[in-house]
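For reference, the structure discussed in these notes is given below.
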Amino acid sequence: MKKLEHNTIAIIVVLLFGCVLFYVGTDGFRAFTAETARVNQLIKEKPKFPDVTFEDSFGRKYSFSEFENKYVFITFFYTACTTVCIQLEVNMGKVYDMLPEQYIDEDIVFLSISFDPEKDDPATLSRYKDYFNSDGETWRMATIPDQKELDSLLQEFGVIVIPDGKGHFAHNSAFYIVDKQGFLTNVLDYRDPETAADVVKTILENDKGE
Amino acid sequence: MMDQFKIGLALFIFLAIPPVASFMESVMVIHMHMQMPMLVIAGLLMAPFFQKQFPNFFEKWNENGIPGILLFIIIISYWLLPRTMDEALSLTSVEIFKFISLPFLAGVPLRDSWKKLSDFSKNFVITLFTIVFLGMGFLYIFVPVQLCNNYLIIEQIALGWAFLLTAVGMIVYLLYVAFVDPSEYE
């Protein structure tokens, strides 16, 4: 009897250990992939947009302070991408169209950032923006020519970009919302533009109400 | 017995050499279907040493083999999560936990438990992993999104097929156990 008790205790201890292990390992059963964990972490940390210099589709150069006192709706892409980025940018366009016009430019700017500065010069970006009816002004497409600055931004915002050596990249995608002070406040699912538009609308309405 | 321990330890140290580890982890399918099982095997080989050193411990706390096999199942399931594989690459603490948990919390208890389990329990464990591997295989092959940030989708699909093939191997074994009576051939 005594021996069996030990055995039973061992089973209970092992099961408890298993629960704790899975609980800790998945942030309380909320994040089974590193991507979910990354998004949860970002929303908690709210990193500040680092100081970088953009070069946009018109060849203009400016820093992030260009968007001071405006919300910025951001995606990360590269123009040679034939898969996810197209859906990402199409859905970004949908969010853009769903927002009431009064907010556009006045309170929020859309910004697609290319992580392929080598290929994505102003001319390429300009051609690409036309596919998505982006005006280049209220929805800008830009890249960050300085690789170090670009890397610091990707690192800060948890964007993982793996070059496959054939001119393409594997990367994670999302909608990023940066507030008027330049802090990342929200990361949204790019596959669901309706929800993203609702969230942005609420943020902008609350902001106006204050 | 001592030789087995030495081989196991050597395997363990070999796998832990940074260039070896980073090479194996650079390919998703090698990471999950070679490095991780080899760590378990290192544990299996080292197990008799621990059983000899602490005979009372295993006798007392793993009498019928169930606690050990449960621990084995828990540890393996944990390493099947897409997130843990990603974090082993990006967080040193998770990587260290991998090198400790797979040999010592999965390999060692598996060897101690396996002999103590009934045939039914053994087949139950194999069936369980067959189902899990089939599930993981279909998940990795058909899920449209990238589950691991550190690996390409194409690698994810390759991993899925490796899971399915492993599951097929286990199904063949289970069918063999169910339909073939070895004594007929003796």
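Read-outs: derived from the displayed coordinates by stated rules, not from any lab. Just so you know, these numbers come straight off a predicted model, no measurement behind them. Here Cβ is always computed from backbone atoms with ideal geometry, including for glycine, and neighbour counts include all displayed protein chains.
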List the extent of the Cα atoms of the protein assembly as shown along each of their three principal axes, largest first, rounded to whole Å.
-> 82, 46, 39
Determine, at each q value in 0.15, 0.16, 0.17, 0.19 (inverse angstroms), the log₁₀ of I(q)/I(0) that the Debye formula gives when each Cα of the range B:35-186 is one equal point scatterer.
-> -0.90, -0.99, -1.08, -1.23
Any aspartates and glutamates whose Cα falls less than 15 Å from that of A:LYS44, other than same-chain ones fewer than 8 residues away, would be A:ASP27, A:GLU35, A:GLU156, A:ASP179
For A:ASN186, enumerate residues with amide H under 5 Å from its amide H, sequence gap 5+ or separate chain, H modeled in the peptide plane.
-> A:ILE177
Enumerate the calculated ³J(HN,Hα) couplings along the range A:200-208 in order (Karplus 6.51 cos²θ - 1.76 cosθ + 1.60, θ = phi - 60°), each rounded to whole Hz, writing x wherever the residue is Gly or Pro.
-> 4, 4, 4, 4, 5, 5, 4, 5, 5
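For every helix of n ≥ 4 consecutive DSSP H residues, a contribution of -39,500 (n - 2.57) applies; sum these over chain B, divide by its total residues, and give [θ] at 222 nm rounded to the nearest 500 deg cm²/dmol. Mind dumping the intermediate values first?
Working: 10 runs with 140 residues, N = 186.
When only DSSP H runs of four or more count, the value is -24500 deg cm²/dmol.
At 25 °C and a viscosity of 0.890 mPa s, what translational diffusion coefficient does Stokes-Einstein give for the range A:55-168, taking Rh as the Kirkwood radius over Cα pairs? Give it in µm²/s as a whole number.
Details: Rh = 14.5 Å.
It comes out at roughly 170 µm²/s.
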Step through the residues of the range A:108-115 one at a time and calculate ³J(HN,Hα) from phi using the Karplus curve (6.51 cos²θ - 1.76 cosθ + 1.60, θ = phi - 60°), rounding each to whole Hz and writing x for Gly and Pro.
-> 9, 10, 9, 9, 9, 9, 7, 9
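Expressed in nm to one decimal, what extension gain is obtained for the pair B:ILE171 and B:LYS122 from 0.36 nm per residue of sequence separation less their Cα-Cα distance?
Numbers: separation 49, 0.36 × 49 = 17.64 nm, distance 1.36 nm.
The span from B:ILE171 to B:LYS122 would gain 16.3 nm if fully extended.
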Pairs to check: A:LYS94/A:LYS180; A:LYS46/A:LYS94; B:LYS60/B:LYS116; A:LYS180/A:LYS208; A:LYS94/A:LYS119; B:LYS52/B:LYS122. Give those whose C-alpha atoms are more than 19 Å from each other in this structure.
-> A:LYS94/A:LYS180; A:LYS46/A:LYS94; A:LYS94/A:LYS119; B:LYS52/B:LYS122
Linear extension gain, A:GLN181 paired with A:PHE29, 0.36 nm per residue minus alpha-carbon span | 51.5 nm
How far is it, in nm, from the label point at A:LYS94 to the one at A:ALA80 when both lie 7 Å from their Cα along the line to the Cβ?
-> 2.9
Using the per-residue mean of other Cβ atoms lying within 10 Å as a proxy for protection, in what order, highest first, do the peptides A:164-172, B:36-44, B:154-162 fall?
-> B:36-44, B:154-162, A:164-172
Mean Kyte hydropathy of 1.6 or more with a Cα span along the axis of at least 30 Å, helices from DSSP in chain B | B:153-179
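Per residue Cα convex hull volume for the range B:80-140, in cubic angstrom? If you can, show how the numbers build up before the last one.
Working: hull volume 4.3 nm³, N = 61.
Taking only Cα atoms, the range B:80-140 has a hull volume of 70 Å³ per residue.
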